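FYI, it's all coordinate maths here, none of it is from the lab. All values reported here derive from a predicted model rather than from experimental measurement. Here the Cβ is made from the backbone with ideal geometry for all residues, glycine too, and neighbour counts use every protein chain on show.
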Amino acid sequence: MAYYIIPPSIDPLSEKNKELSTQQVKNVFEKLGIPQDRPILLQVSRFDYFKDPIGVIKVCRQVKKRASCRLILAGGIAEDNPEGSYILKQVKEEAKGDLDIHILNLPPDSFFEINALQRGADIVIQKSLKEGFGLTVTEALWKTRPVIGGNAGGIKLQIKDGENGFLIDSIEETTDKVEYLLKNSSHAREMGEAGRKIVKDKFLITRYFKNYLRLIGELCS
Ligand code: UDP
């Protein structure tokens, strides 16, 4: 029996991935009450244990001992995950009193806002302990952000370590890589460009259509 694996893809013209102006990004940050006054670290994810939001807060705390930054944890609570509310509560507790950490519990249709947050971020983190494909990684790479991602699942297909971001296995490694990217902004920019190219070559909807057409062609022959 033959089988085909077709990796997911993103639509660059969708609300979540279309180009935005600097002003549009600024408006979203203002609306959400997040100052763009220092480097921004971002993780976009459901509030889920396997996305390790608490680990990301710990990374931010370590980085802040030596460098100035803000952290945004933007996500929602999946209906099929009853743990979500509990994890969000824990995350808020962990971040309590730290005005540089912004926890956003977004409505499920916040595509434009997520697009703007990804574009306004300097470094995107996806510190998954376990992952399916990791579309948030694809979205951030497309927007030329360097991504620091957990060494898990489909993140490994998307991040070439040291080329368009870093693969990490611990809080310490993540902290080191964030500090590296903050200190080496021109390398961070080069990595961001490399990330966009990888998505253009491999993870856009055009490749997805091509895979399906080929599969249908083979099934019909
Ligand atoms: N997402 C969203 N709102 C949120 C959190 C995530 O729309 O509050 C989107 C995110 O932009 C991505 C998808 O949901 O397109 C999550 O896909 P991913 O493969 O990263 O993780 P999953 O949630 O499927 O494990």
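At a glance:
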quantity	calculated
Crossing angle, helix 185-202 versus the chain [Cα axis fit, 0-90 degrees, rounded to tens]	30
Cβ crowding within 10 Å averaged over residues, with 22-35, 139-152 ranked highest first	139-152, 22-35
Shape of the chain, Cα gyration tensor, a/c cut at 1.5	prolate
Rounded to 10°, Cα long-axis angle of helix 205-220 versus longest principal axis of the chain	30
Loop-located GluC sites (Glu not before Pro) in the stretch 156-196 whose Cβ has at most 16 other Cβ within 10 Å (DSSP)	163
Fluctuation leader among 117, 13, 204 - the chain, Gaussian network, Cα springs under 10 angstrom	13
Cα shape, the stretch 43-159, gyration tensor, a/c 1.5 rule	rounded
Whichever lysines have a C-alpha closer than 16 Å to that of residue 210, once near sequence neighbours (fewer than 8 apart) are set aside	200, 202
Estimated [θ] at 222 nm from DSSP helical runs (n ≥ 4, -39500 (n - 2.57)) normalised by residues in the chain, nearest 500	-14500 deg cm²/dmol
